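Working notes for the structure below.
The values are calculated or read from the model by the stated rules, or taken from the named source; none is laboratory data. As the structure is a prediction and not an experimental result, all values here were calculated from the model. As a convention, Cβ positions derive from the backbone with ideal geometry for all residues, glycine included, and neighbour counts pool all protein chains shown.
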Amino acid sequence: MKTVKMKTVIKTILFLAVFGWFIFFLFSGDEEEMEITGPDTPIIEEPVEEEPEEEELPPIEEPEQVELDDEELEELLEEEEDRPIVIDSKQESIEGHTFLTENDYFELYLKEENLSIIIRDKGNGAIMHSTVDQPIGSNESWQNFVRSGIVVEYLVGTNIVTYRADMYSQNPEKTVTPTDDGFHAEIYYPELEIGLEMTVQLTDLGLTVDIPQESIVEDSDQYKIGSIYVYPFLGHTLLGDREGYMFIPDGSGALIYLNDKDGKFSQPYSASVYGENVGIDDPFVLSLFNGMDPFNDPEKILAPVFGMVHTDNALGYLGIIEEGAFSARLEAYPNGAILPYNWITPKFIYRQVYNQPTSQDTGTMVVRQRTRNDFDIKVHYQFVSEDEANYVGLAKNYREYLLDNEKITVKEDAFNVRVDLLGAEVEQGLLFKNTVPMTTFSQAADILTDIKAQGAENILSVYKGWHNKGYHGGLPIRSFNPESALADGTSIKELLAQLDEEAIDLYLYHDGLRINMEEMGITRHKVMNKFNRRTYKEEVHGKVYQELNYLNPESTVNIMEDVRDDYLANGIEKLMISGISNTLFSYSQSGREYDRITTKNYYQPLIESYAADFNLLLEQPFAYLWDQTEALMDMPTRSSNYVFVDEDIPFLALTLKGIVPIYAEYANFQANQEEFFLQMIEQGFNPSFLITHESPAELMNTNSSHIYSSEYERYEEMIQAYYQEMSAVYQQTAGSLIVDYVRDDSITKVSYENGVDVLINYSDLHQMVDGHQVEPMSYKVVNNE
């Protein structure tokens, strides 16, 4: 008998192990089909229309800025000054608009020729126009645009250029039928074989405009709708002839004044409601910093709202996009950006064009989105007048809309100091990746119980990177599998039990969006492919992982439904979900295109089921999910600071304070912590910190190398100081809504419905406010009851 060599035995064992794993992979797991694409190889599953290769998607072409000579400008402004902005009584007609209907608050006038409307507030006589009667400058296309109540942008064949059909061009046929509270219009373009129906209703709050999806007609194979504008010039103003501002929901909220911009700005504000669509848009950032991203991401639009306020005649409106928000962009043009007018509007997108790769290298062709996005258009224009004609009045209207329509319910207005913990990360070693434990389970217990023992009794904590392979390495989380390197004599269940006895809320962090393909290798789960069928890659500029992928929405649901059962089986009660709470995209699968509404229809029921089973928090959620979270996390305190923005406003705080607890972004990463502290006092936000037991120097070679200041010893006193001061303010404002907000240079006065005023002084000097002296860079709480 021959002796078998040890080397042969080892080879045999390894072969059997690999073969067994392969058989297990083929015949086990969920039923998802494998759909894996290489980083540079597109899947072309069906022929696309022929286009010349190497054709690049051109930038959106806009006309040059209108330039007016001084004489023409002076004459134009004189005409505008003579135009009435207040009319004392009801009229048969106003500037060619015939009286149509009225209620106790408003009168509606209509010009059938272009579906233009004028609304008159019966309380103060103020009027607002929806179109420009005699536009100046610009070309014929833009003149027709500003004179029209509805504008359709359409695509011709495979041409990537967008054309317009309005109330004058393309010879529209219109049938207008008055109703008891407004009118119904049928619009048809015979040459394009495109049509739609629109209903305008006068309500006690203002106007509602509806365009049902089922009413849209596209009978031609050649002409297809690209997008629709609904009353884009409602509330417009010319140069600086009126006083007021446009409200954009960028971050916390921002204003663009209606003053003359002197042609300083050539581009408008343009952003997708609920964030950009990475499934079809192609953002490009040039980096000169060795693969690092040198730019901060712009703030997202978290709520589908916008507004226009005329302070000279005390009339304004809040626009609420109730239907169509998932396929809408918000555009705000300060005067000089193309036209000499200030105007703000939603743009509802039904189809886009995009670059389709035709080779592994550089070959591309431009193709049109095949399937029209499936949505109705419905916009409420809720008007504010007199003392309410300001952004505080807009916020009150939105708050009432959310409550009345059960878009949000009142939660317990609890105050906690939020102390998030980072558990494990991964660094690249010489041969293998190493786990970097930053805060073990026992260290987490020590930190949180120490914070409570020192006086900060109400604590909320989110534990990030608690799972196998840590924060970035262990994506997606597919089971309840704590990282073993964090279990230094204490298990995660023991940690949760100990904190439960201490009445400290610890939430486990779960990113439901991302997948780390470098760690997963071959996977049964599908990743998200863009409309051009290439796999989307999120550039994260990390020291270990350069990119992450998004899960296909169906895969997200499958994974999270499985792991939900695992969480419940292990007694987990508190979770925080990120990723799917504030990301929506279009995607392709098996040769078909799916819009963002499809993605939302996967995410929303999933999150609702988690909210039913767990005490759930959502990271910076979009407005359609606000009622599914016990608190709003990581909410912005400022806007993106675009050059055309004249003033940041706390629109989110004005709307939501007193309804649901709101937590700010991490205080330890703010450039000016003193000012940021005052902003949290002003807006009623709870403070947040990201803490580690180890020095952040240990993260230098990980994907969390951007965390430069987090060690508990560094923030031990600061956490206590923030808690003591902010909890004292909270005790006087708890559960109370903000009813007024006044900013005068460096002084801000926030008034609550219970009679409490919070006075904030952002200057370096002592200030007297309502007879109270406020120290430099400080605040004072005054109870007027």
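Worth a mention:
- Of all the residues in region 560-613, those that are within 27 Å of M635 (Cβ to Cβ) and more than 25 Å from the chain's Cα centre (by Cα) number 6.
- Pairing residues of region 652-673 that are on the phi > 0 side of the Ramachandran plot and modelled with pLDDT of 95 or more with residues that are crowded, with 22+ Cβ neighbours inside 10 Å and outside any helix (DSSP H, G or I), at Cβ distances under 9 Å and at least 6 apart in sequence or on separate chains, gives G658/G684; G658/I738; G658/Y752.
- The residue that is surrounded by the fewest Cβ atoms within 10 Å (Cβ to Cβ), counting only those in region 538-554 that are of a type outside the set (F, W, Y) and more than 19 Å from V426 (Cβ to Cβ), is E554.
- Residue pairs meeting the criteria (Cβ under 8 Å; at least 6 apart or on separate chains; first without any contact (Cβ under 8 Å) to a residue 24 or more places away in the chain, in region 536-551; second part of a strand (DSSP E or B) and among the basic types (K, R)): E547/K537
- Among the residues of this structure, L506 counts as one that is farther than 15 Å from V563 by Cβ and buried (at least 23 other Cβ atoms within 10 Å of the Cβ).
- Any pair with Cβ under 7 angstrom, 6 or more apart, that starts in region 512-523 at a residue that is touching a residue at least 12 places away in the same chain (Cβ under 8 Å) and ends at one that is in a loop (DSSP other than H, G, I, E, B) and of a type in the set (D, E, K, R): E519/K469
- Among the residues of region 555-571, the ones that are buried (at least 17 other Cβ atoms within 10 Å of the Cβ) and not basic (K, R) come to 8 in all.
- Single residue of region 651-688 satisfying the filter (of a type outside the set (A, V, I, L, M, F, W, C) and within 18 Å of P298 (Cβ to Cβ)) that is farthest from the chain's Cα centre (by Cα): Q670
- Options N355, N373, N397: the member that is assigned to a strand (DSSP E or B), in contact (Cβ under 8 Å) with a residue 24 or more places away in the chain, under 28 Å from the mean Cα position of the chain (by Cα) and crowded, with 17+ Cβ neighbours inside 10 Å: N355
- When region 184-240 is limited to residues that are small (G, A, S) and in contact with a strand residue (DSSP E or B) (Cβ under 6 Å, 6 or more places away or on another chain), the one that is farthest from E112 (Cα to Cα) turns out to be G226.
Matching residues to (1) in a strand (DSSP E or B); (2) closer than 30 Å to A254 by Cβ; (3) β-branched (V, I, T); (4) at pLDDT 95 or above:
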{"site": "F676", "(1), (2), (3), (4)": "no, yes, no, yes"}
{"site": "P687", "(1), (2), (3), (4)": "yes, yes, no, yes"}
{"site": "I707", "(1), (2), (3), (4)": "no, yes, yes, yes"}
{"site": "V782", "(1), (2), (3), (4)": "yes, yes, yes, yes"}
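- Tally, over region 566-599, of residues that are under 24 Å from H472 (Cα atoms) and part of a loop (DSSP other than H, G, I, E, B): 10
- Looking across region 464-473, just one residue is in contact (Cβ under 8 Å) with a residue 24 or more places away in the chain and surrounded by fewer than 23 Cβ atoms within 10 Å (Cβ to Cβ), and that is K469.
- Just one of the numbered conditions (1) over 18 Å from the mean Cα position of the chain (by Cα); (2) assigned to a loop (DSSP other than H, G, I, E, B); (3) at negative phi is not true of G235: (3).
- Here R242 passes the criteria (1) closer than 27 Å to L339 by Cα; (2) assigned to a strand (DSSP E or B); (3) out of contact with any Gly (no Cβ under 9 Å at 6 or more places or on another chain); (4) touching a residue at least 60 places away in the same chain (Cβ under 8 Å) except the one numbered (2).
- Scanning region 84-133 for residues that are at pLDDT below 95 and over 19 Å from N313 (Cα atoms) returns a single hit, D133.
- Pair list, Cβ < 6 Å and 6+ apart or interchain, from region 769-785 residues that are surrounded by 12 or more Cβ atoms within 10 Å (Cβ to Cβ) to residues that are part of a strand (DSSP E or B) and of a type in the set (D, E, K, R): H772/K780; V774/K780; V782/D757
- Test: residue in region 320-335 that is assigned to a strand (DSSP E or B), in contact (Cβ under 8 Å) with a residue 24 or more places away in the chain, of a type in the set (S, T, Y) and under 15 Å from Y381 (Cα atoms): no
- Tabulated pairs, region 723-739, first farther than 19 Å from F676 by Cα, second modelled with pLDDT under 95 and not polar (S, T, N, Q), C-beta under 8 angstrom, 6+ apart or interchain: A734/D413; G735/D413
Okay, residues lined up against (1) crowded, with 18+ Cβ neighbours inside 10 Å; (2) acidic (D, E):
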site: I662; (1), (2): yes, no
site: F669; (1), (2): no, no
site: F677; (1), (2): yes, no
site: E682; (1), (2): yes, yes
site: H706; (1), (2): no, no
site: Y712; (1), (2): yes, no
site: I719; (1), (2): yes, no
site: R743; (1), (2): no, no
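- Taken over region 614-628, residues that are under 16 Å from the mean Cα position of the chain (by Cα) and either over 21 Å from I321 (Cβ atoms) or modelled with pLDDT under 95 (or both) amount to 1.
- Selection status of D241, crowded, with 19+ Cβ neighbours inside 10 Å, at pLDDT below 95, more than 25 Å from the chain's Cα centre (by Cα) and more than 30 Å from N373 (Cα to Cα): yes
- Of the residues making up region 303-312, just one is more than 13 Å from L255 (Cβ to Cβ) and surrounded by fewer than 22 Cβ atoms within 10 Å (Cβ to Cβ), namely D312.
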